[in-house]
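Peer 1: Handing you this structure, nothing more for now.
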Amino acid sequence: MKLLEDRIRKDGKVLGGDVLKVDSFLNHQIDVPFLCELGKEFHRLFDGEGVNKILTVEASGIGIACVTAQYFHCPVVFAKKSKTSNLSGDMLSAEVHSYTHGVTNHVLVSGAYLSSSDHILILDDFLANGCALEGLLAICRQAGATVVGCGTVIEKQYQGGGDRIRARGIRVESLAKVASMKAGEIQFS
Ligand code: 5GP
């Protein structure tokens, strides 16, 4: 998506450890009208697939998930990284290694909010090694829900997570695919 590639070139900063920082518009400060354009694109890609729920993981997936949900007219469920006192009843869970924090989180979704009748679109801000999407796919499997596909705003394609998931027959759409990056230079696929 050219609009997104241009914005990444303009505002993105490549940090050490293969991290692309886009927190001036995507996942810290949020440019809502800009994210609406991304949400419309996810809607165009997955329209007609019967999506009735969007699943993401806290915290940085929540912004794009909520904006996109407006176009699907559906709720957002986000996996929580800690068990809070208001989480009760049956739980769906998975281990997710955090790429940016370097820790493994036991992420949780209340069984009340995902069921076998759901058609889920999984969304996240970034796709690197694929751990976050794998965890969310595992949670959907536990619920018996149908996964329509996965969408990510930025896929660092050279890290291989997206292609490993695609190889299993799961649809993965990313709005910008980074082929390589180093300070001051980002190449898109
Ligand atoms: P994965 O689980 O695919 O290895 O990494 C995806 C998760 O790690 C995303 O939820 C995202 O929050 C974080 N992440 C991975 N790579 C980057 C990056 O280059 N920049 C930022 N800001 N987050 C990233």
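The values are calculated or read from the model by the stated rules, or taken from the named source; none is laboratory data. Since this is a predicted model, take the numbers as computed values, not measurements. We place every Cβ from the backbone using ideal geometry, glycine too, and count neighbours over all the protein chains shown. What goes into the accessible areas is simple: the full protein's heavy atoms, side chains included, and nothing from ligands, DNA or RNA. Shrake-Rupley method; radii C 1.70, N 1.55, O 1.52, S 1.80 Å.
Peer 1: Which of the lysines could a cross-linker bridge to K21, judged by Cα under 27 Å and excluding same-chain residues fewer than eight apart?
Peer 2: K2, K10, K13, K40, K80, K81, K156, K177, K182
Peer 1: Now for a different question. Tell me, what HN-Hα J-couplings in whole Hz come from the Karplus equation 6.51 cos²θ - 1.76 cosθ + 1.60 at θ = phi - 60° for each residue of the range 181-189, using x for Gly and Pro?
Peer 2: Values per residue, Gly and Pro as x: 8, 8, 3, x, 8, 10, 9, 9, 6 Hz.
Peer 1: Sticking with this one: Give me the distance between the Cα centres of the range 1-77 and the range 80-138, rounded to whole Å.
Peer 2: 17 Å
Peer 1: If you take the charge dipole of the chain about its Cα centre, with +1 on Lys and Arg Cβ and -1 on Asp and Glu Cβ, which of A179, V77, A132 is farthest toward its positive end?
Peer 2: The listed residue farthest towards the positive side: A179.
Peer 1: Just the number, please: carbon plus sulfur as a percent of the accessible area of the chain, 1.4 Å probe, no ligands or DNA/RNA counted.
Peer 2: C and S fraction of accessible area: 51 percent.
Peer 1: Still on this model: I'd like to compare 45-58, 166-179: which one has the highest average count of other Cβ atoms within 10 Å, and what's the full order after that?
Peer 2: Going by the mean number of other Cβ atoms within 10 Å, highest first, we get 45-58, 166-179.
Peer 1: Sticking with this structure for a sec: Could you give me the ³J(HN,Hα) list for the range 12-27, computed from phi with Karplus coefficients 6.51, -1.76, 1.60 and θ = phi - 60°, whole Hz, x at Gly and Pro?
Peer 2: So the Karplus estimates, Gly and Pro as x, are x, 10, 8, 9, x, x, 6, 10, 9, 9, 10, 7, 7, 9, 9, 9 Hz.
Peer 1: Continuing with this model, one more query. Assuming 0.36 nm per residue, please report the length gained on full extension of the stretch E49 to V103 beyond their Cα-Cα distance.
Peer 2: Gain on stretching E49 to V103: 16.0 nm.
Peer 1: Further question on the same structure: Out of the DSSP beta bridges found with both residues in the chain, what percent are antiparallel (nearest 5)?
Peer 2: In the chain, approximately 40 percent of DSSP beta bridges are antiparallel ones.
Peer 1: Quick one: Cα convex hull volume of the range 12-133, Å³ per residue?
Peer 2: For the range 12-133, the hull spanned by Cα atoms encloses 118 Å³ per residue.
Peer 1: Net charge near R44, counting Lys/Arg +1 and Asp/Glu -1 over other residues with Cβ under 12 Å of its Cβ?
Peer 2: -4
Peer 1: Dipole magnitude of the range 1-137 about its Cα centre, charges +1 at Lys/Arg Cβ and -1 at Asp/Glu Cβ only, in debye to the nearest 20?
Peer 2: Value, rounded to 20: 240 debye.
Peer 1: With the dipole of the chain worked out from charges on the C-beta (+1 for Lys and Arg, -1 for Asp and Glu) around the Cα centre, which of I170, V14, V107 lies farthest toward the positive end?
Peer 2: V14
Peer 1: Also, quick follow-up: With only alpha-carbon atoms counted, please give the Rg and Dmax of the range 50-189, in Å.
Peer 2: When restricted to Cα atoms, the range 50-189 yields Rg and Dmax of 14.8, 49 Å.
Peer 1: Taking only protein heavy atoms and a 1.4 Å probe, what accessible area per residue, in Å², does the chain have with all protein chains in place?
Peer 2: It amounts to 47 Å² per residue over the chain.
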